[in-house]
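Report on one structure; see the data block that follows.
The values are calculated or read from the model by the stated rules, or taken from the named source; none is laboratory data. Only a predicted model underlies this, so the values are computations on that prediction, with no experimental measurement involved. Glycine also receives a Cβ, built like all others from the backbone with ideal geometry; neighbour counts cover every protein chain displayed.
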Amino acid sequence: MADGLGVVFCGMNPGLTTALVGHHFASPGNRFWPALAHAGFTPETFTPDRERELLPLGMGLTNLVERATRDISELSREDLEAGGERLRAEMERYRPAWLAFLGLTGFRTAFGVKGASVGPRAERIGPTRVWLLPNPSGRNAHWKPPELAQEYARLREAAGLPDRSA
């Protein structure tokens, strides 16, 4: 995270693999890094250990809840709501242009928004505009990789970031 980024991607919470290796979206089945590359956010598919290379490209990473779990079902409503308050403070501090929230259920619960769907949101979190993206977890199998990349590319274009795909 850094001040004034174009897009900050917000995962639900670290999975056990991510917590073990200390890098975001580190589970082998997670499709976050390929989706970024295919959407043009990065020039190639980064590996989780290259996460800091996002900063000079105008992007950052955070989580709604910082506690690692095996599955999101282990998070309580209270965990998600407290994470929403923490995230609001983080957006006030760093002031990115866009917060890309990866997963609808967590957003709906954390911010009390029923029926939120993929795409841009009218509400802001602090000064930051919000875009809901499909969760890139391999468990979210009804979103195929080309569809993920297409939706992520819509955000990249809205954020005014260049297409860095090869």
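Report, by residue number, each residue of segment 132-146 that is within 20 Å of Gly40 (Cβ to Cβ), in contact with an Asp or Glu (Cβ under 9 Å, 6 or more places away or on another chain) and in contact (Cβ under 8 Å) with a residue 24 or more places away in the chain.
Matches in segment 132-146: Leu133, Pro134.
Tell me yes or no: at least one residue of segment 57-72 is modelled with pLDDT of 90 or more and touching a His at 6+ places or on another chain (Cβ under 7 Å).
yes
Could you list all residues from segment 52-74 that are in contact with a helix residue (DSSP H, G or I) (Cβ under 9 Å, 6 or more places away or on another chain) and either without any contact (Cβ under 8 Å) to a residue 12 or more places away in the chain or not in a loop (DSSP other than H, G, I, E, B) (or both)?
Once the filter is applied, which keeps residues that are in contact with a helix residue (DSSP H, G or I) (Cβ under 9 Å, 6 or more places away or on another chain) and either without any contact (Cβ under 8 Å) to a residue 12 or more places away in the chain or not in a loop (DSSP other than H, G, I, E, B) (or both), segment 52-74 yields Leu54, Met59, Gly60, Leu61, Thr62, Asn63, Ile72.
Six or more apart or on different chains, Cβ under 7 Å: which pairs go from a residue in segment 18-37 that's outside any loop (DSSP other than H, G, I, E, B) to one that's crowded, with 17+ Cβ neighbours inside 10 Å and among the aliphatic types (A, V, I, L, M)? Could you list them?
That search, which allows pairs on different chains as well, returns Thr18/Ala26; Ala35/Leu148; Ala35/Ala149.
Pick from segment 100-153 the residues that are touching a Cys at 6+ places or on another chain (Cβ under 8 Å) and not aromatic (Phe, Trp, Tyr): which of them is surrounded by the most Cβ atoms within 10 Å (Cβ to Cβ)?
Looking at residues that are touching a Cys at 6+ places or on another chain (Cβ under 8 Å) and not aromatic (Phe, Trp, Tyr), I get Leu102.
Return the residues of segment 124-146 that are assigned to a loop (DSSP other than H, G, I, E, B) and among the hydroxyl-bearing types (Ser, Thr, Tyr); say none if nothing qualifies.
Once the filter is applied, which keeps residues that are assigned to a loop (DSSP other than H, G, I, E, B) and among the hydroxyl-bearing types (Ser, Thr, Tyr), segment 124-146 yields only Ser137.
For segment 95-134: of the residues being of a type in the set (Lys, Arg) and over 15 Å from the mean Cα position of the chain (by Cα), which is nearest to Ile72 (Cα to Cα)?
Lys114
Going through segment 49-60 one residue at a time, which ones are within 14 Å of the chain's Cα centre (by Cα) and within 18 Å of Ala149 (Cβ to Cβ)?
Residues satisfying the conditions are Leu54, Met59.
Report, by residue number, each residue of segment 25-68 that is closer than 17 Å to Tyr152 by Cβ and hydroxyl-bearing (Ser, Thr, Tyr).
Thr42, Thr45, Thr62
Have a look at Arg88, Arg93 and point out the one that is assigned to a helix (DSSP H, G or I), more than 23 Å from Pro34 (Cα to Cα), touching a strand residue (DSSP E or B) at 6+ places or on another chain (Cβ under 6 Å) and modelled with pLDDT of 85 or more.
Result: Arg88 is the single residue among Arg88, Arg93 that is assigned to a helix (DSSP H, G or I), more than 23 Å from Pro34 (Cα to Cα), touching a strand residue (DSSP E or B) at 6+ places or on another chain (Cβ under 6 Å) and modelled with pLDDT of 85 or more.
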